[in-house]
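I have placed the structure first, in the form of structure tokens, so that the comments after it can refer back to it.
Please treat every number below as a calculation from the coordinates, not as lab data. The shown structure was predicted, so the numbers you read here are calculated from the model rather than taken from an experiment. Using ideal geometry, Cβ is built from the backbone for each residue, glycine included, and neighbour counts are taken over all protein chains shown.
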Amino acid sequence: MSTDKNEAVWEILEETDVSPSPWFPIKKHKVKLPDHTIVDDYYITTMADAAMVVPFLKDTGHIVLVNQYKHGQRKHILELPAGFVQAGKTPIQSAIAELREETGISAIEDQLIPLGVISNIPTKATHKTYGYLATGLTFNAIQDLDITEDIEVLTKPPQEVIRMIMEGELWVGDSVSFVMKAYLLYPELFST
């Protein structure tokens, strides 16, 4: 008798919080695999989900990007505006908040189109990123950065952003995924 691979999940027998800090949650699981094998030291991170926006400006049709230091990579990295889904907010509300905080662009829910959800590290993280496309935007607010943020806001023509992905200048997984998804679903935005 075979088990449907799409429905076979690992049974969590024990879960221990081994987080080094509230900023980096880690759980140690003791799990039973579908073949009944027991693994007693499987670690995952339960870091919060994120929300990201592919923002297009109204006047130029350019895409807004952010350049900021990312300590995990120990360098400045170019990506789309994004941040963790905030407590008490939905992913779309968090996307709007992060767009304003990081870029100085205030938007409303009607301007955002869902692009779906992705997972960058499904083996070791519960973290997901919710993506949105936003068009008709203008710089109409003031950046409100966190203490660890020093963000340079850039605008690039859509075809330039595609070139940057192809040449490895824009390489963060969720940013690449959502730009390319927008490119496939809304090619007219990239034709100029």
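Data table
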{"item": "Order of E188, E167, E11 under a 10 Å beta carbon neighbour criterion, fewest first", "result": "E188, E167, E11"}
{"item": "Proximal aspartates and glutamates relative to K27, as straight alpha-carbon distance under 20 Å, when same-chain residues fewer than 8 apart are discounted", "result": "E11, E14, E15, D17, D40, D41, D49"}
{"item": "Surrounding net charge for T45, when Lys and Arg each add one and Asp and Glu each subtract one, Cβ distance under 14 Å", "result": "+1"}
{"item": "Gyration tensor verdict on segment 99-192 (Cα atoms; rounded if a/c is under 1.5, prolate if a/b is larger than b/c, oblate otherwise)", "result": "rounded"}
{"item": "Three-way shape call for segment 68-131 based on the alpha-carbon gyration tensor, with the a/c threshold at 1.5", "result": "oblate"}
{"item": "Relative contact order of segment 66-151, defined on C-alpha pairs under 8 angstrom at six or more residues apart (%)", "result": "29 percent"}
{"item": "Under-5 Å amide H pairs with M47, H placed in peptide plane, nonlocal only", "result": "T126, H127"}
{"item": "Using θ = phi - 60° and Karplus 6.51 cos²θ - 1.76 cosθ + 1.60, couplings along segment 139-150 (whole Hz; Gly, Pro as x)", "result": "6, 9, 9, 10, 4, 9, 7, 6, 4, 8, 9, 9"}
{"item": "Cα pair distances of the chain binned at 5 Å [whole percent]", "result": "1, 7, 14, 17, 18, 13, 10, 8, 6, 4, 1, 0, 0"}
{"item": "Distance in nm between pseudo-label sites at K32 and D146 (7 Å out along the Cβ direction from Cα)", "result": "3.9 nm"}
{"item": "Gaussian network model of the chain, springs between alpha carbon atoms under 10 Å - residue of I113, I96, I63 with greatest fluctuation", "result": "I113"}
{"item": "Restraint check, K28/K181; K32/K89; K30/K75; K75/K156, Cα-Cα greater than 28 Å", "result": "K28/K181; K32/K89; K30/K75"}
{"item": "Fully extended contour minus Cα-Cα distance, from K181 to K89, at 0.36 nm per residue", "result": "30.7 nm"}
{"item": "Antiparallel bridge percentage (DSSP; both residues within segment 50-190; nearest 5)", "result": "75 percent"}
{"item": "Karplus-derived 3J(HN,Hα), 6.51/-1.76/1.60, for each residue of segment 84-91, Hz, glycine and proline x", "result": "5, 5, 7, 3, x, 10, 6, x"}
{"item": "Cβ-Cβ FRET estimate between T138 and I113, R0 fixed at 30 Å, reported to 0.05", "result": "0.95"}
{"item": "Net charge, E11 excluded, C-beta distance under 14 Å - Lys, Arg +1, Asp, Glu -1", "result": "-3"}
